[in-house]
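Values in this text are rule-based calculations from the coordinates and carry no lab data. Since the model is a prediction, treat every value here as computed from it, not as a measurement.
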Amino acid sequence: MDVRLEPWSESALDLLHRINTAQMRRHVGGPEPEDRLLARHRRYLALPTTGRGRMYVVLRGDEMVGSIAYHRRDWHGEQIYETGWNVLPPHQGRGVASAAGAALITIVRGLPHHADAPRSLHAFPAVENTPSNALCRRLGFTLLGPCEFEYPRGSGSLMRSNDWRLDLADHGRPAVASRHDRRWPRKDELS
C-alpha cells in the first residue's frame, strides 16, 4: 500500500474541512466552527517552528486521506510525545491508519535524543473509540488505563480516554501486529 506522510501545508485546509464532520469528530466533541478550524490550521502550520512537534497529511497515492501528528506535552509531570490521527471514512479499515502510525513511530524514534527528550509516545483515544484503541494495540502501545483528558487543550472540556504508551527505546515490538495477534484488544480492555 502506498501510504506516506507529508508535512502539513496550506493545501491541507481542504482536508481539515473534510475531517470536520459530525461523524469524524464524534469522539472529540463534534465539528468546530470555521474560526476555530482556521486557528487550528494556523497552529498546524506553525507547529514545526516551535520545535515541539509536527502535523502531517496522510497520503494514499496522491490523495489526501487523513492526518497524523506528534507533539510534546507535559503529562503527569513527565515530558511525553502525544499522537493523534484521522482517516477519512472511505479509507478506513484498509490499513491506512496502521501504515501512517508505523511511519510516525519511525519518525519519532528518529528524533534527536537529548537529555530532556521525551522517552515515550502516548495516544489518548476516547474509551468508546474501538478502532483507534485497537490501532494503538496493533502499533505496539501498552494500555495504561482510562483517564480524564482535556481536549481540545485549554478548553476545560474533559473526555474519557484511554492512555496508551509506547516506549520509544523499545524497538523489539512490531510496529504493526496482525488482527489475529493475541495483543488485539478485547472489549473489556477498552472500557
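Remark on M55: its backbone amide H falls under 5 Å from those of W8, a criterion applied only to residues 5 or more positions apart or on other chains, H modelled at 1.01 Å from N. Membrane-span-like helices in the chain, defined purely by DSSP H runs whose alpha carbon atoms cover 15 Å or more axially and whose average Kyte-Doolittle hydropathy reaches 1.6, are 96-109. Counting 0.36 nm for each residue step from Q92 to H114 and taking away their Cα separation leaves a gain of 4.3 nm.
Regarding the chain, what's the average projected area of the Cα-atom convex hull, expressed in nm²? If you wrap the Cα atoms of the chain in a convex hull and average its projections, you get 10.8 nm².
In the stretch 3-189, the DSSP beta bridges split such that about 90 percent are antiparallel, to the nearest 5.
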